[in-house]
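Undergrad: Please see the structure below; I have some questions.
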Amino acid sequence: MKHSHSVDKLAKLLAYILGRQPDEFGLLPNDSGYVKIKDLMKALGEEPGWRHVRLNQIREVIYTTRSPPVEMENNLIRAVDRSRLFPPEIPDTFPKLLYYPVRRRAYPVVLEKGLSSATSGYRIILAGEIALAQRLGRRIDPSPVILTVNSDSARKTGATVWRFGKQLFLSDCLPLGSFSGPPLPKNRPEPKKAEVPEPQGAPKTPGSFLLDLSIDPVSKERSKRGPRKHKNKWKRDRTRISRNKTKGWPDA
């Protein structure tokens, strides 16, 4: 495939994702139609045949195409033609079950207190299918926890739920009692580390040693050698015997 053709194909894909069906890729544009570039890159990385796309290739689409289909501002990107984008709406009917991914670390808090968009400033994105929820969850955690949300219970307990496109739903909160999830793992006490006894004679100050002044190193060395008078005793004995023979003295 020629390079110009690959640029054209990427341009058409970006126009479709950002200008027509962002929900299909788990993306929610803001009121101005922008999505975060890093979220777009994650979505492209999940698509077979498009995992190789990098930011410089998207910039190439903008700078080399006669009528670029997308535009960037800081860390945001949007479609130039947004006439076919659909706003969130409150439908007449809802799926009975919706799904929401949560980070494992945040799951205990959500299970205890529920969830509100007021804390994050963003609407809560729900998926109509568990496969899409898992896809969204892997963008924030390698092993996300998937909550099962009862849409009727959520609305009866004060939540507002919108539909966004065909794949996504939005909510302003998830009250307690409107969702369920797997049980929390039991907390296991951490095993106590066995105390390693300090070896005898080890210095109490790392990188140093202490002198034992009660032991005289000179006397200690002498004790190893033995008394000096016993050193070379056989030589002295032989000299004494030789002298006695010379003088005619009897051997002692």
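The values are calculated or read from the model by the stated rules, or taken from the named source; none is laboratory data. None of these values were measured; they are calculated from a predicted model. Glycine gets a Cβ as well: all are built from the backbone with ideal geometry, and neighbour counts include every protein chain shown.
Undergrad: Is there a residue being within 25 Å of G19 (Cα to Cα), free of Cβ contacts under 8 Å to residues at least 24 places away in the same chain and not charged (D, E, K, R) anywhere in segment 126-134?
TA: Scanning segment 126-134 turns up at least one residue that is within 25 Å of G19 (Cα to Cα), free of Cβ contacts under 8 Å to residues at least 24 places away in the same chain and not charged (D, E, K, R).
Undergrad: Would you confirm whether or not segment 125-147 contains a residue that is over 30 Å from L10 (Cα atoms), over 22 Å from the mean Cα position of the chain (by Cα) and either crowded, with 18+ Cβ neighbours inside 10 Å or not assigned by TED's automatic domain parsing to the domain that holds D39 (or both)?
TA: The answer is no; no qualifying residue exists.
Undergrad: How many residues are in contact with a strand residue (DSSP E or B) (Cβ under 7 Å, 6 or more places away or on another chain) and acidic (D, E) if we restrict to segment 19-73?
TA: 2
Undergrad: Is one or more of the residues making up segment 68-91 over 26 Å from L13 (Cα atoms) and modelled with pLDDT under 95?
TA: Step one: list which residues in segment 68-91 are over 26 Å from L13 (Cα atoms), which gives 90-91.
Remaining after also requiring modelled with pLDDT under 95: 90-91.
Yes, some residue in segment 68-91 is over 26 Å from L13 (Cα atoms) and modelled with pLDDT under 95.
Undergrad: Which of the residues spanning segment 89-98 are more than 25 Å from Y34 (Cβ to Cβ), hydrophobic (A, V, I, L, M, F, W, C) and outside any strand (DSSP E or B)?
TA: F94
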